[in-house]
Amino acid sequence: MELAHLDYQAGRLVRSWTHLERQRGGFGFLGGPGETQIEADRRLIRDRMAKLRKELEQVTRTRSLHRARRQRAPWPVIALVGYTNAGKSTLFNLLTKADVMAENLLFATLDPTMREIALPGLDKAILSDTVGFISDLPTQLVAAFRATLEEVISADVIIHVRDISHPDSDAQRQDVEQVLQEIGAAGEGGAPLIEAWNKIDLLNGEEGERVQAEAQRREDVVLISALSGDNVDALLRCAAEKLRSGSRSRTIRLPASAGEAIAWLHANGEITGQNREGVETEFEVRLSDADWARFQTRYLSEA
Ligand code: GTP
């Protein structure tokens, strides 16, 4: 957010600069205190932006490392997404007891984090926190933003954290869903999605009852308070169920020449058996529905 703000400031300075020039009645670049100050300001802003860009690159690099590590240990990944301030960091901290900054700040989670968590009935899972979504994302940030969302695309379950007490909660949901669609993380072939309606502690009376009734009618909606921890265990059970139901053993026969496909299976699935028959090998591999769909698109569909 700071980057976008600085870009805006730089633009404004350019405008004031043009304005000053005009005021001077076309004498051109004569130098002088005003000019020097503006130049200095602009340089400072440019430097600050360069620094922020570097930080964004760092974030992207860190994520590639995370991914490389995960490919060696193929645990299911749960991605937390949500509008900014929805409570993702609070939930992430609660679930991982990690010391991640939870602040009432835009993009407090720009540096994305992943942690192992324990889920009921599952060996291990990785929880991935993402940057908060906002409306009308400044174009300068879109590229970096997308890079941080790569994790969401390959997640096995997506938890959409919503501030259900917010007056614009519905519009925020639409914004988030649109981004998920755009990056190909929602809809057909995408991971199953759970909506965590957060901050129920802020709702009471009629409004609270209305929300509660609506949540009950809807599948894949869990009411929680990330702050008090209320009902968070139900959310975890729901996520674990999604992961378990999708993951099943499949038989895949591949020729020895399909090195890339075999490597992919090793990285993304749990190979429980393999049987070599001539030039072909039959693999028994546990894959979630989403990964199975991904594998088929990538390696089994003829172009
Ligand atoms: P970004 O980093 O901007 O994406 O925000 P975030 O989604 O990570 O939100 P964060 O966890 O930082 O929470 C935002 C604010 O909401 C903080 O002040 C939290 O204390 C508060 N908050 C989070 N969960 C709850 C909740 O269940 N109830 C209440 N009352 N406040 C909450």
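The values are calculated or read from the model by the stated rules, or taken from the named source; none is laboratory data. Fair warning: this is a prediction, and the values are worked out from it, not measured in the lab. Note that we place each Cβ from the backbone using ideal geometry, even for glycine, and neighbour counts take in every protein chain shown. Surface accessibility is based on the protein's heavy atoms, side chains included, excluding ligands, DNA and RNA. Shrake-Rupley method; radii C 1.70, N 1.55, O 1.52, S 1.80 Å.
Observations
- Solvent-accessible area, 1.4 Å probe, carbon plus sulfur percent, for the range 248-300: 46 percent
- Gyration tensor verdict on the range 195-277 (Cα atoms; rounded if a/c is under 1.5, prolate if a/b is larger than b/c, oblate otherwise): prolate
- Contour excess over end-to-end distance, with Cα ends at residue 248 and residue 39 and 0.36 nm allotted per residue: 69.0 nm
- For the range 197-220 and the range 275-291, distance of Cα centres in Å: 45 Å
- Here is the list for the range 154-256: trypsin sites (Lys or Arg not before Pro) lying in DSSP coil, each with at most 16 other C-beta atoms within 10 angstrom of its C-beta, are 218.
- Solvent-accessible heavy-atom area per residue, rounded to whole Å², over the range 187-273 at 1.4 Å: 55 Å²
- Net +/- balance of residues flanking residue 273 in space, Cβ distance below 9 Å, scoring K and R +1, D and E -1: -2
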